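Novice: Please find one structure pasted underneath; my questions will follow.
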Amino acid sequence: MPLKLMTSSNASTVQKELQQQLATLDMSICGSCMANANLQSVRESTTKTILQAAKVIFSFSSYVDGKLMARSSGFLIDWDEGSKEGTVLTSARIICSKYTALTQWSGTDEYVPDAEIIAHLLDEDETTVPAILFRYDKHINIAVLKVNLDLCAKIPRFSSDINYGQEILVLGRDERLNMTIAHGCVNFMGPTTYERHHYLFTGCEPSIGGMVIDFDGHVLGMANFPGTAYIPSSIVLKCLDMWKKFQCIPRLHIGMKLSPIKFLDPIHVERIFRKCNIDSGLIVKEVSHGSIAEELGVRPGDVVDSVNGECVATTVELENLIMRICENHLDQGGAIGSCMDILVGILHMRKGRKGPRHTLSLRLNVSDDVEVFISGMHPFSYYEASSKMHMDLGLETDMIICFIYV
């Protein structure tokens, strides 16, 4: 059979393709934010931090009946040298087969805890090994996996400090197991009415299940769905502690969607102070239909300023406090499904002005299930509020319509 001669052009193409297979000459790798001009002054030190963290960041994929269901990053939070078993923190999205993009409060997400989960290791051959689902929580959207692996890296330390405006990096892995690196900051904002209360935000592209770190390598939280949201370390550490003590994460379903006054524009905060003589607390944006809060007269526009006598300025503070209250309840012999009373300081708003301040006793169930929010209709005459007052307190127009007519 005659040999087919290769032209110089074809030879050059083949050579480039072969070179692309070499890690040292692979030019198909996307660049990261570290090329940004505003990071040049810290690039050398931050690169060392990133490369150290990368040793404990892995990629995971899940399958049902042999079909790919989800992908997620995850990172080691513990490793047993004797058994070679690693504990990995990741998002519960790794076992989520169906999720609602519009709101997290619907409770319609579906999970497959017996899905096959594969861990993609970082050795030269990119070995895959089974990962075992150890714990997961649908409300917090967090999961812990167990993986057998060798390790020659330092487990990163968590930091629970929240410094708004602080620069951060979000680290994860893509489908090719390459690092993803995004640069952002801890945004001065809280969750919308579509998002859970325990989230903070980075303002940069997420890597679901990835590590959120500061420039010194301290873990500030875990990146999660939706968008640029992440679960701060204070919530993560409390969840891990609850799992260790109770094998569940107990919560109270308070039946309110809340938004911090703290994150409003100063002009808005000053107006609320003039009208209501308050400049801190959580504005009630919506009240769940049929909830204890609704029965006790809590309405959109009211302000929650304390729980069990402790002031709350952000929803993350509220979530940490609620979990601490539940922890104490279980420590004292309470159980999932039991009832407990909490005292909620409420400043009522009526006819555009500050109304009475009450301390309401809410009897709530201790639950380890996802909180479902039910929108409902509150009679306008009962609420006695004007649309002007809604605007003063930062309530969206479309929410007012929903409040009256749904």
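The values are calculated or read from the model by the stated rules, or taken from the named source; none is laboratory data. Owing to the predicted nature of the structure, the values given are computational and were not obtained by experimental measurement. Neighbour counts run over all protein chains shown; Cβ positions are idealised from the backbone, glycine included.
Novice: Could you grab me the full set of residues in the stretch 162-196 that are basic (K, R) and exposed (fewer than 15 other Cβ atoms within 10 Å of the Cβ)?
Specialist: Keep residues of the stretch 162-196 that are basic (K, R), which gives 173, 176, 196.
Once the filter is applied, which keeps residues that are basic (K, R) and exposed (fewer than 15 other Cβ atoms within 10 Å of the Cβ), the stretch 162-196 yields only R176.
Novice: Can you confirm whether the stretch 115-128 contains a residue that is part of a loop (DSSP other than H, G, I, E, B) and touching a residue at least 60 places away in the same chain (Cβ under 8 Å)? Before you say what the answer is, go through the steps one by one.
Specialist: If we filter the stretch 115-128 for residues that are part of a loop (DSSP other than H, G, I, E, B), which is where we start, we get 115, 121-127.
Now narrow it down to the ones that are touching a residue at least 60 places away in the same chain (Cβ under 8 Å): 121-122.
Yes; the residues of the stretch 115-128 include at least one that is part of a loop (DSSP other than H, G, I, E, B) and touching a residue at least 60 places away in the same chain (Cβ under 8 Å).
Novice: Can you pull out the residues in the stretch 144-169 that are closer than 22 Å to N320 by Cβ and in contact (Cβ under 8 Å) with a residue 60 or more places away in the chain?
Specialist: Correct list: V144, P156, R157, F158, S159, S160, I162.
Novice: Please verify whether L102 is assigned to a loop (DSSP other than H, G, I, E, B), in contact (Cβ under 8 Å) with a residue 60 or more places away in the chain and among the aliphatic types (A, V, I, L, M), treating the condition exactly as stated.
Specialist: In short, yes.
Novice: On the given criteria, is Y164 out of contact with any helix residue (DSSP H, G or I) (no Cβ under 7 Å at 6 or more places or on another chain) and farther than 26 Å from N38 by Cα?
Specialist: No: the conditions fail for Y164.
Novice: Out of curiosity, is T103 surrounded by 13 or more Cβ atoms within 10 Å (Cβ to Cβ), in the same structural domain as A143 (by TED's automatic domain parsing), over 10 Å from L145 (Cα atoms) and not acidic (D, E)?
Specialist: yes
Novice: Do we have M189 as over 26 Å from S259 (Cβ atoms) and touching a residue at least 40 places away in the same chain (Cβ under 8 Å) here?
Specialist: Details: over 26 Å from S259 (Cβ atoms): no; touching a residue at least 40 places away in the same chain (Cβ under 8 Å): yes.
No: the conditions fail for M189.
Novice: Take the residues in the stretch 197-255 that are charged (D, E, K, R) and surrounded by fewer than 19 Cβ atoms within 10 Å (Cβ to Cβ), then tell me which one is modelled with the lowest pLDDT.
Specialist: For the stretch 197-255, the residue satisfying everything is E205.
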